[in-house]
Amino acid sequence: FANFEQARSYTQSQPFTLIFPSDQALQFAPATSKARELLTKYPAPKGTPVPGRPEYTFRDYAFPLNQRTNFLLGRGDYSLPNSTARITARYAFSQNTQDDFAFSPYPDFSSPLMVRGQNLSLNYTRDLAGGTNELKFGMNRNSVSLHRAHPEIPTLSSEDGTQLPGSAAAYDYAFRDTVFHVLDNYNRLVGRHALTVGGEWRPFLHDSLRSEEHTSELQ
């Protein structure tokens with residue numbers, strides 16, 4: 001058995017106005033400066049000149065709030081011909097992706113957020129010595145990741161609110177939890193008694209990453 005589902009949503013915020021440096025603003029930056037190099041490599045979006053301030057342009061923007069959610073489920077069951085053993089396997093996968101979670105009006109600097117979940121289960125049951133033995137294996141993993149675009153460029157801000165190149169995310173972030181589960185039980189009826197003996201192992205693993213902040217303010 002297998003099943004796949006996908007949901008997509010496309011929404012956006014209310015529009016608002018952003019201010020950008022114009023091409024004329026580059027004239028104020030020395031030819032060998034980092035400012036000129038950055039604004040030349042990542043030019044500001046085209047906009048309307050600000051009256052009386054030719055070094056600025058403005059443009060209306062609406063933040064995109066688009067996301068995709070995928071869900072996959074697969075399962076298989078098998079019984080041996082002599083019916084003394086049965087095998088079951090199941091795998092579930094889900095992922096939610098928000099492409100512009102850390103939105104930037106500079107196209108190269110938007111960063112997606114991804115939330116993922118996975119679950120695997122294996123079950124082997126067989127008749128043994130007048131009873132039933134059950135062996136189980138399971139794995140559950142959940143993760144969250146946000147990777148800032150162009151980590152070599154700090155998040156830049158300006159006192160007057162001018163939009164500059166740089167990711168809105170100040171750092172990379174990744175988080176992952178993994179749980180493994182191994183279980184073996186033997187069950188048998190003896191007269192009026194039901195006997196069960198077995199063991200269980202359940203390790204828990206945690207990984208996380210948060211890089212240093214990369215921010216800078218221009219006056």
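Pick from A170, A174: which is surrounded by 15 or more Cβ atoms within 10 Å (Cβ to Cβ), in contact with a strand residue (DSSP E or B) (Cβ under 7 Å, 6 or more places away or on another chain), within 22 Å of Q98 (Cβ to Cβ) and modelled with pLDDT of 85 or more? So the residue among A170, A174 that is surrounded by 15 or more Cβ atoms within 10 Å (Cβ to Cβ), in contact with a strand residue (DSSP E or B) (Cβ under 7 Å, 6 or more places away or on another chain), within 22 Å of Q98 (Cβ to Cβ) and modelled with pLDDT of 85 or more is A174. R68 falls short of the stated requirement of being over 26 Å from A2 (Cα atoms), in a strand (DSSP E or B) and touching a strand residue (DSSP E or B) at 6+ places or on another chain (Cβ under 9 Å). Residue count for region 99-113 under the criterion of being surrounded by fewer than 17 Cβ atoms within 10 Å (Cβ to Cβ) and over 15 Å from P151 (Cβ atoms): the result is 2. Please tell me if G131 is under 30 Å from R188 (Cα atoms), open to solvent by less than 40 Å² (accessible area, probe 1.4 Å) and not polar (S, T, N, Q). Criteria met by G131. Here the strands (runs of 3 or more DSSP E) wholly within region 1-62 that include at least 2 residues being charged (D, E, K, R) are 2-9, 53-61.
Of all residues in region 154-167, those that are open to solvent by 20 Å² or more (accessible area, probe 1.4 Å) and either part of a loop (DSSP other than H, G, I, E, B) or among the hydroxyl-bearing types (S, T, Y) (or both) total 9.
The set of residues in region 21-68 being open to solvent by 80 Å² or more (accessible area, probe 1.4 Å), in contact with a Pro (Cβ under 7 Å, 6 or more places away or on another chain) and closer than 21 Å to T155 by Cα consists of R59 alone. On inspection, A194 qualifies as open to solvent by 70 Å² or more (accessible area, probe 1.4 Å) and either modelled with pLDDT of 90 or more or outside any loop (DSSP other than H, G, I, E, B) (or both).
When you go through E217, E212 one by one, which is the residue that is open to solvent by 90 Å² or more (accessible area, probe 1.4 Å), modelled with pLDDT under 85, on the phi < 0 side of the Ramachandran plot and under 21 Å from the mean Cα position of the chain (by Cα)?
Result: E212 is the single residue among E217, E212 that is open to solvent by 90 Å² or more (accessible area, probe 1.4 Å), modelled with pLDDT under 85, on the phi < 0 side of the Ramachandran plot and under 21 Å from the mean Cα position of the chain (by Cα).
The values are calculated or read from the model by the stated rules, or taken from the named source; none is laboratory data. Since this is a predicted model, take the numbers as computed values, not measurements. Don't worry about glycine lacking a Cβ; one is built from the backbone with ideal geometry, like all the others, and counts go over all protein chains shown. All accessible areas refer to the heavy atoms of the entire protein, side chains included, with ligands and DNA or RNA removed. Shrake-Rupley method; radii C 1.70, N 1.55, O 1.52, S 1.80 Å.
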